[in-house]
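Please read the structure below before turning to the comments.
The values are calculated or read from the model by the stated rules, or taken from the named source; none is laboratory data. Just so it is clear, the model here is predicted, and its values are computed rather than measured. With ideal geometry, Cβ positions are generated from the backbone for all residues, glycine too; neighbour counts draw on all protein chains shown. Protein only, heavy atoms only, side chains kept; ligands, DNA and RNA dropped before computing areas. Shrake-Rupley method; radii C 1.70, N 1.55, O 1.52, S 1.80 Å.
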Amino acid sequence: MVVNKAPMGWNTWNTFGPNINEKIIMEAADAMVEKGLLDAGYEYLVIDDCWSLKQRDPVTRRLVADPVKFPNGMKAVADYIHSKGLKFGMYSCAGVRTCGDYPGSFDHEFIDAETFAEFGIDFLKYDYCYRSSSTTGPILYHRMANALRATSRDIVFSACNWGKDDVYSWIRSTGAHLYRSTGDILDNFPRVKELATSQFDKQCYNTPGCYNDMDMLTVGMFGKGHAGTEGCTINDYKIQFGLWCMLGSPLILGCDIRNIDDESLKLIKNEHLIAINQDIEGRQTFQISSKSWSCHDAAIFVRKLENGDFALGMFNFADRAATVVAMFDEVGYPANCGLKFELTDCFTGEKSICDSDSLSLYIESRGTRIYRVKPVKR
Ligand code: GAL
């Protein structure tokens, strides 16, 4: 199965942790449609850990949905999600138990894949806790990938081993379509920055068909919910969403979308940024240096886009405002190229022209500017 673009959706974990149930899922499905998220591209609704009973069915050895949380069973949940035009995702683990201490799929991969297919899932997130020492990580991901491929459904396989065991070097061979490259996100700026920067030198591994997943977004959480912690500001969320879009990470929302505030909603539906993330050419993002004596904590990324434009993302992570300078020569446009640059500000939609060999911007503390750039004849 080919997955042409980094998957987009919503997952229960950041906000609800273990406290999930049918009502929350159905309300989230309603919200994804009513708030225009499905139209913006967010199509997967994923139930994370803690959905099953603590033990398998003693006779069939199958996983069983918790009847208190899901009184009508998982098929009914899947049917509801599908009736909304959404796709349905679930969670299991390569280990003996899941991270939340529910039964994992170890040694039950094929029967679990069958169960998931019968539920009607379209996406499986596959975690890495309580891994048996009797085998290796690659074999465990091969097993579940093969089990999913043996079902009659197209199921996106979302590996989640937090970047361990040099996952970059082997995950693509297993059949996974996305792979978590980081530990768990928390809703605070230092943690978000830590996760993103850990992937700055790993962009060569993010390829069409198998995407580097930097974890679920915290945009809109403002400190509330399971991964809440101190919370972020809306400007922090602009940096976060901008980085995830520029670096081509899957965009899996984690806030309580039923009650999301207007600014966060506008941000996650930003068409310019989503277009960069979902660009069909799937080019590797590259980093250029920031030519500025005043800023020691900035990053500039470039991503070439399918129509000949490129995206330019300039990030100031520092605690003070700074001038950040991008040199077009480093993008491969020398001063003698005979081109100037039409800029579209991805946050405001404003257009401007840059007829120079560099773009120099004064960016506030923890701020970002992202442009779609069209090189045109001078
Ligand atoms: C972690 C995983 C989280 C979440 C959690 C559930 O290992 O990284 O995203 O799935 O387990 O217990």
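Could you please state how large a percent of the accessible area of the stretch 25-79 is carbon and sulfur, counting protein chains only and using a 1.4 Å probe?
Here it works out to 55 percent.
Considering only protein heavy atoms, what is the solvent-accessible area of His82 at a probe of 1.4 Å, reported in Å² to the nearest 10?
Spelled out: His82, probe radius 1.4 Å, area about 60 Å².
How high is the FRET efficiency between Glu281 and Asp166 when r is their beta carbon distance and R₀ equals 35 Å, given to the nearest 0.05?
Once the sixth-power term is evaluated, E becomes 0.80.
Compare Ile47, Ile25, Ile288 in a GNM of the chain, Cα atoms joined below 10 Å, and give the one with the largest fluctuation.
Per the Cα network of the chain with a 10 Å cutoff, Ile288 tops the list.
Where does the chain land on Rg(C-alpha)/(2.2 N^0.38 Å)?
Values: Rg = 21.3 Å, N = 378, 2.2 N^0.38 = 21.0 Å.
In units of the 2.2 N^0.38 Å rule of thumb, it is 1.02.
What FRET efficiency comes out for the pair Asp329/Cys204, r = Cβ-Cβ distance, R0 = 22 Å, nearest 0.05?
For Asp329 and Cys204, the calculated efficiency is 0.50.
Starting from the Cα-Cα distance between Val96 and Glu306, subtract it from 0.36 nm times their residue separation and give me the gain in nm to one decimal. Intermediate results must be reported in sequence, preceding the final value.
Details: separation 210, 0.36 × 210 = 75.60 nm, distance 4.36 nm.
This chain segment gains 71.2 nm when fully extended.
May I ask you to list the aspartates and glutamates whose Cα is less than 15 Å away from that of Lys238, ignoring any residue fewer than eight positions away on the same chain?
Lys238 reaches Asp187, Asp261, Asp262, Glu263, Glu271, Asp345, Glu364.
Would you work out if the stretch 286-377 is rounded, prolate or oblate? Take a ≥ b ≥ c from the square roots of the eigenvalues of the alpha-carbon gyration tensor; rounded if a/c is under 1.5, else prolate when a/b is larger than b/c, oblate otherwise.
Taking the square roots of the gyration eigenvalues as a ≥ b ≥ c, the stretch 286-377 is prolate.
For the stretch 204-212, what does the Karplus curve 6.51 cos²θ - 1.76 cosθ + 1.60, with θ = phi - 60°, yield as ³J(HN,Hα) per residue in whole Hz, taken in order and with x for Gly and Pro?
Here the 3J(HN,Hα) series is 5, 8, 8, 10, x, x, 8, 9, 6 Hz.
Within the stretch 289-378, list the GluC sites (Glu not before Pro) lying in a DSSP loop whose Cβ has at most 14 other Cβ atoms in a 10 Å radius.
Listed in order of number, the matching sites are Glu306, Glu350, Glu364.
Express the carbon and sulfur contribution to the solvent-accessible surface of the stretch 286-377 as a percent, rounded to the nearest whole number, probe 1.4 angstrom. Walk me through the intermediate numbers first.
Numbers: 2100 of 4280 Å².
Looking at the stretch 286-377 in its full context, I get 49 percent from C and S.
For the chain, with every protein chain kept in place, what is the accessible area per residue (1.4 Å probe, Å²)?
Result: 40 Å² per residue.
When we measure straight from the Cα of Lys84, which lysines land under 16 angstrom away, once same-chain ones fewer than 8 places off are left out?
Lys23, Lys35, Lys75
Nearest 5 is fine: what % of DSSP beta bridges in the chain come out antiparallel, could you say?
The antiparallel fraction comes to roughly 60 percent.
If you plug each phi of the stretch 23-32 into the Karplus form 6.51 cos²θ - 1.76 cosθ + 1.60 with θ = phi - 60°, what whole-Hz ³J(HN,Hα) values come out, in order, with x for Gly and Pro?
Values, residue by residue: 4, 4, 5, 5, 5, 5, 4, 4, 5, 4 Hz.
So, with +1 on the Cβ of K and R and -1 on the Cβ of D and E, and no other charges, what is the size of the charge dipole of the chain about its Cα centre, to the nearest 20 debye?
460
The stretch 254-314 to the stretch 321-378: how many Å between their Cα centroids?
Cα centroid of the stretch 254-314 versus Cα centroid of the stretch 321-378: 14 Å apart.
Applying the Karplus parametrisation 6.51 cos²θ - 1.76 cosθ + 1.60 with θ = phi - 60° to the phi angles of the stretch 110-122, what ³J(HN,Hα) value in whole Hz is obtained for each residue in order, glycine and proline being reported as x?
6, 6, 5, 4, 5, 4, 4, 5, 5, 4, x, 7, 10
Under 5 Å between amide hydrogens, which residues at least 5 positions from Trp10 or on another chain qualify, with H placed 1.01 Å from N in the peptide plane?
Residues meeting the amide H criterion: Tyr44, Leu45, Val46, Leu253.
How much mean residue ellipticity at 222 nm does the chain get from its helices, if each DSSP H run of length 4 or more adds -39500 (n - 2.57) and you divide by all residues, to the nearest 500 deg cm²/dmol? Let's see the in-between values first.
Details: 11 runs with 100 residues, N = 378.
That comes out to -7500 deg cm²/dmol.
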